[in-house]
Amino acid sequence: MKIIRTQKDLQLWRENLPKNISLGFVPTMGALHRGHLSLIKRAQEENDKVIVSIFVNPTQFTQKEDLEKYPRKEEQDIDLIKKYSPIDALYLPSVDEVYPQDKLETTDENEIDLQGLDRILEGKSRPGHFAGVAQVVSYFFDLIQPTCAYFGEKDFQQVAVIRRLIEYKNYPIQLRVCPIIRETNGLAMSSRNERLSSNARQEAGWIYELLIRVKEMIESGISIPEIHSEVLSVCKNHPTFTLDYFIIVDDKTLEEVHDINIENSYQICIAVWVENVRLIDTLHIPKK
Ligand code: PAF
């Protein structure tokens, strides 16, 4: 596995790859867990070569404190990849490498028209987050020119943003969305879970249980206002958790729905705060 730290070396590596091979790309922010490994595995199954990036991208953090506390485990990540999923290359750039001359702001020059996708749901709670994601992913796509790029369904809105980025920039890249990997209690795997106390991490299994309950309620025709009051009452049973938002959206437009039509497909989305950590989860409701 080649470890690449500079843009120049990455370009060289890319240029030297044989033409006509497929290249899978898995972008990450490190602190790798089974969720990331499942993306890497899938990329390996579907491509001749695979490259993974590890970069904690400052422009997508709304709170400085969140950026500072984001786990960084370079050595452990390298060992994990070598042991479980040896890949062809690992790109580990520094902040200066990605954003030379302190260009840490999203500027008009690199701004990507996300058609409002960045201002709803997660974007409301995290202004600037998706502009930062689009900025860094577009930097990676330009350099790496992958055939397929792999993202987890957990970040459902991020997937919509990347789909839009690919369309906007006309990238010849196939977007592959991989299922959420969960801890044994149902908590969606996330690098942020490490910041939870073991009690909170254990208790957080209720979030997924709630999503399943909501799915059942939708399927049995219970109205959205009734579902919302059930969600609020379940949240009350977990006073150390604070609901940021709960919403059922059309899975294509990401617009909130107020009535369910079984011929459409939806996405249930939730975000909660616990111990200063924000957890998100999501569940898809396919059409009948
Ligand atoms: O999902 C993530 O880990 C990040 O948002 C990504 C896609 C690596 C961009 O920094």
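Here region 1-90 was treated as a single set of alpha-carbon atoms; its pair distances binned every 10 Å from 0 give 15, 45, 32, 8, 0 percent.
Here Lys69 is the anchor, and the lysines within straight C-alpha reach of less than 30 Å, apart from those fewer than 8 places off in the same chain, are Lys2, Lys8, Lys41, Lys82, Lys83, Lys103, Lys124, Lys154, Lys236.
Applied to region 58-73, the Karplus parametrisation 6.51 cos²θ - 1.76 cosθ + 1.60 on θ = phi - 60° returns per-residue 3J(HN,Hα) values of x, 6, 9, 9, 7, 10, 4, 5, 5, 5, 5, 8, 4, x, 10, 9 Hz, with x for Gly and Pro. For the charge dipole of the chain, defined by +1 on Lys and Arg C-beta atoms and -1 on Asp and Glu C-beta atoms about the Cα centroid, which residue among Thr28, Ala200, Trp13 has the Cα displaced farthest towards the positive pole? Most positive-ward Cα: Trp13.
Once you charge only the Cβ atoms, +1 for Lys and Arg and -1 for Asp and Glu, what is the size of the charge dipole of the chain about its Cα centre, to the nearest 20 debye?
I would put it at about 760 debye.
Backbone amide hydrogens, once placed in the peptide plane, bring Asn264 within less than 5 Å of Lys288, excluding anything fewer than 5 places away on its chain. DSSP beta bridges confined to the chain are antiparallel in about 50 percent of cases. Legend: ranking of residues Ile54, Ile227 from fewest to most surrounding C-beta atoms inside 10 Å; resulting order Ile227, Ile54.
Principal-axis analysis of the Cα atoms of the chain puts helix 129-144 at an angle of about 30° to the longest axis. Under a GNM of the chain (C-alpha, springs under 10 Å), which listed residue has the highest mean-square fluctuation: Ser223, Ser94, Ser22? Maximum fluctuation in the GNM of the chain, among the listed residues, is at Ser223. For the chain, the longest piece that avoids every one of the GluC sites (Glu not before Pro) found in DSSP loops with at most 16 other C-beta atoms within 10 Å covers 112-254. Between Val50 and Gly24, Asp88, Ala89, the built amide H atoms are under 5 Å apart, and every one of these is 5 or more places off in sequence or on another chain. Quick one: helix 156-169 against the long Cα principal axis of the chain, what's the angle to the nearest 10°, folded into 0 to 90? Relative to the chain, helix 156-169 is tipped by roughly 40 degrees. From the largest down, the chain spans 58, 40, 38 angstrom on the principal axes of its Cα atoms.
Axis angle, to the nearest 10 degrees, between helix 224-236 and the longest C-alpha principal axis of the chain: 80 degrees. Restricting to region 141-288, compute how many DSSP beta bridges are antiparallel as a %, nearest 5. Around 80 percent antiparallel, to the nearest 5.
Laboratory data are not the source of any read-out in this text; all were calculated from the coordinates shown. Since the model is a prediction, treat every value here as computed from it, not as a measurement. Here the Cβ is made from the backbone with ideal geometry for all residues, glycine too, and neighbour counts use every protein chain on show.
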